[in-house]
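Notes for the one structure printed next.
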Amino acid sequence: MDWREIDTVLLDLDGTLLDLKFDNYFWSEHVPERFASHHELPLDEARKQVMDRISAEYGTLRWYCTDFWSQELGLDIIALKHEIRDRIGPRPGAREFLERLRDAGRSVHLVTNAHPDTLELKLEQVPIGEYFHGLWSSHSFGHAKESIDFWAALQRELPFQAERCLFIDDNESVLDAAAAYGIRYVRTILHPDSGQPERNQTRHPGIGHFGELTPANP
């Protein structure tokens, strides 16, 4: 990958810049525990109900919507996230990579499926917002990043040149859509969750550490 051919860098948030361990713990442990308590259910049954409902919405905008899940589960989802906000943390080398991109003069944008209230919380906990020229949530466009419609809508607001763009995300379905739209360079994250083993089979080229992508020719 020749950095002289890249003007714009689009970066995902959860699992890319931030450790996905927080989100996986939140949905697999914290929410089921609160759901069990609130609805007076055994924990195993509560976990099954929560996971079944989440699986049914996978890949849709509702899957990422805190308002939807608050209504669906009868819980204040953003309040529950605040309860364990100290678990939110960056992936290794994320801040240093952002600093190098800034120094290299690239146009850098955060492109996330995170709901705006979740995005606000996470950028308060890990203050990296200053490194971006723009913050873009799929909820503003009405389409998840898994849809080509999202990328068309984003380009209407952010007129990037797809052939001179790098996009990094841990979700390969999202990368499929971005590549189909025409983004030339797509890279996935091999170790999005520090609590899980590194992935060794991916459809798109993967990186283990941001140092592998440090812009060498700004």
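The values are calculated or read from the model by the stated rules, or taken from the named source; none is laboratory data. What you are looking at is a predicted structure, and each value in this text was computed from that prediction instead of being measured. Virtual Cβ from ideal backbone geometry, glycine too; neighbours counted across all protein chains shown. Calculation scope for accessible area: heavy atoms of the full protein, side chains included, ligands and nucleic acids excluded. Shrake-Rupley method; radii C 1.70, N 1.55, O 1.52, S 1.80 Å.
With contacts taken as Cα pairs under 8 Å at a separation of at least 6 residues, the chain carries a relative contact order of 28 percent.
Largest to smallest in accessible area, the residues HIS209, HIS139, HIS109 fall in the order HIS209, HIS139, HIS109 (1.4 Å probe, all protein chains included). Determine which residues of the stretch 148-177 fall in the zone a paramagnetic label at THR202 would reach in this model, i.e. backbone nitrogen under 16 Å from the point 7 Å along Cα→Cβ. Hits in the stretch 148-177 for THR202 at 16 Å: 166-177.
Name the shape class, rounded, prolate or oblate, that the alpha-carbon gyration tensor gives for the stretch 65-134, where a ≥ b ≥ c are the square roots of its eigenvalues, rounded holds for a/c under 1.5, and otherwise prolate holds if a/b is larger than b/c and oblate otherwise. Judged from the Cα gyration tensor, the stretch 65-134 comes out prolate (a/c at least 1.5, a/b above b/c).
Other residues with beta-carbon under 13 Å from the beta-carbon of GLY93 carry, at +1 per Lys or Arg and -1 per Asp or Glu, a net charge of -1.
Amide hydrogen proximity for VAL186: with H placed 1.01 Å from N in the peptide plane, the residues at 5 or more positions away or on another chain lying under 5 Å are PHE167.
So how strong a dipole does the stretch 1-154 carry about its Cα centre when Lys and Arg Cβ are +1 and Asp and Glu Cβ are -1, to the nearest 20 debye? List each step's numbers first, then the result.
On the way: 17 positive and 28 negative charges, 52 e Å.
For this selection, approximately 240 debye.
Give the Kirkwood hydrodynamic radius (Å, one decimal) of the stretch 6-73, defined as one over the mean of 1/r across all pairs of different Cα atoms.
13.4
Legend: P(r) of the chain from all alpha carbon pair distances, 10 Å bins from 0, whole percents, reading 8, 33, 37, 17, 5, 1.
Label positions at SER70 and ALA152, each projected 7 Å from the Cα along the C-beta direction, are separated by 3.2 nm. Loop-resident GluC sites (Glu not before Pro) (DSSP state other than H, G, I, E or B) in the stretch 123-218 with no more than 16 further Cβ atoms inside 10 Å of their Cβ: GLU198.
How large, in percent, is the carbon and sulfur part of the accessible surface of the chain at a probe radius of 1.4 Å?
46
Extending 7 Å from Cα along the Cβ direction at LYS48 and again at THR214 yields two label points whose distance is 5.1 nm. Classify the stretch 41-88: rounded, prolate or oblate, from the alpha-carbon gyration tensor (a ≥ b ≥ c, eigenvalue square roots; a/c under 1.5 rounded; otherwise prolate if a/b is larger than b/c)? It comes out oblate by the Cα gyration axes.
Extension gain, THR60 to ASP103, is 11.9 nm, computed as 0.36 nm per intervening residue step minus the present C-alpha separation.
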